[in-house]
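Scroll down for the structure; my scribbles are underneath it.
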Amino acid sequence: MPRQKEFNPDDAIEKALHVFWHKGYEATSMEDLLTAMNLNRGSLYDTFGDKRQLFLKAMDRYCHGFIGEKLSLLDQPGPALQTLRRFIHGMIEGALADPQRRGCLIANTVMELSPHEKDIAGKVCKALKMGEDAFFKVLTRAKAQGELRADQDPRALARFLVTMMQGSIVMIKSGTSADVVKQTTETALSILD
């Protein structure tokens, strides 16, 4: 009869996610993961496979948990553009408030791994598409409610906003001042006027 796990695998993945998010994939050692997850090497390998497999599980958790929860805020009723602006301001403020300036695990992974890791690049593309689709949905609602001009394309605007958000997060991670990031965000959002 197999032994019962003495730890919660979901909690362990959550802890690993934060290590990867803070340090990046390459800079994260197995010792970092074992310490953060409070596991021995055998338990980690038996449950999650190797470091790469654990990273992929952490990416899934980030995309479907953290990002998915955030994007669900766009489904609130009321004026769509107001909801979208509130969402973007909230994401930027949250990133600026992070004392570690971790940025976005998706953006970090794009720069670190996507150029030479096809399956990881695929996960990143899916995550970016998830954001684009959420923006498209709220922008389509804005258009139907008469909040966008007739000549504004919700899909093109959604792609632009994803690009702007990722760029802003990279700026934040690089240490750009809050004032500059906020000014850039307002300039980008003026496209919706």
How much accessible area does residue 157 have with a 1.4 Å probe, in Å² rounded to the nearest 10? 10 Å²
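Share of the chain's accessible area from carbon and sulfur, percent, 1.4 Å? Please list the in-between numbers first.
Details: 5770 of 10340 Å².
For the chain, the apolar C and S fraction of the accessible surface comes to 56 percent.
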Find out how many positive minus negative residues lie around residue 96, taking Lys and Arg as positive, Asp and Glu as negative, among other residues whose Cβ is under 13 Å from that of residue 96. +1
Restricting to lysines 8 or more places apart or on different chains, can you count the pairs in the range 2-135 with Cα atoms under 15 Å from each other? 8
Tell me, what is the per residue accessible area of the chain in Å², probe radius 1.4 Å? 54 Å²
How many nm is it between the label spots at residue 23 and residue 111, if each spot is 7 Å from the Cα in line with the beta carbon? 1.9 nm
For the range 59-134, state what percent of all Cα-Cα pairs lands in each successive 10 Å bin, counting from 0 Å until the bin that includes the largest distance. 17, 46, 30, 6, 0
Sorted by accessible area with a 1.4 angstrom probe, largest first, how do 109, 163 fall? 163, 109
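What FRET efficiency comes out for residue 38 versus residue 133 if R0 is 35 angstrom and r is the Cβ-Cβ distance? Round to the nearest 0.05. Present the calculation step by step, with values, prior to reporting the outcome.
Numbers: r = 37 Å, r/R0 = 1.05.
The value I calculate is 0.40.
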From the phi angles alone, apply the Karplus equation (6.51, -1.76, 1.60; θ = phi - 60°) to the range 47-56 and give each ³J(HN,Hα) in whole Hz, x where the residue is Gly or Pro. 8, 10, x, 8, 4, 5, 5, 5, 4, 4
Return the sequence-ordered ³J(HN,Hα) values of the range 93-98 in whole Hz as given by the Karplus equation 6.51 cos²θ - 1.76 cosθ + 1.60 applied to θ = phi - 60°, using x for Gly and Pro. 4, x, 5, 5, 7, 6
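The values are calculated or read from the model by the stated rules, or taken from the named source; none is laboratory data. Here the structure is a predicted model, which is why all the values come from computation and not from measurement. No Cβ is skipped: glycine too gets one built from the backbone with ideal geometry, and neighbour counts run over all protein chains shown. All accessible areas refer to the heavy atoms of the entire protein, side chains included, with ligands and DNA or RNA removed. Shrake-Rupley method; radii C 1.70, N 1.55, O 1.52, S 1.80 Å.
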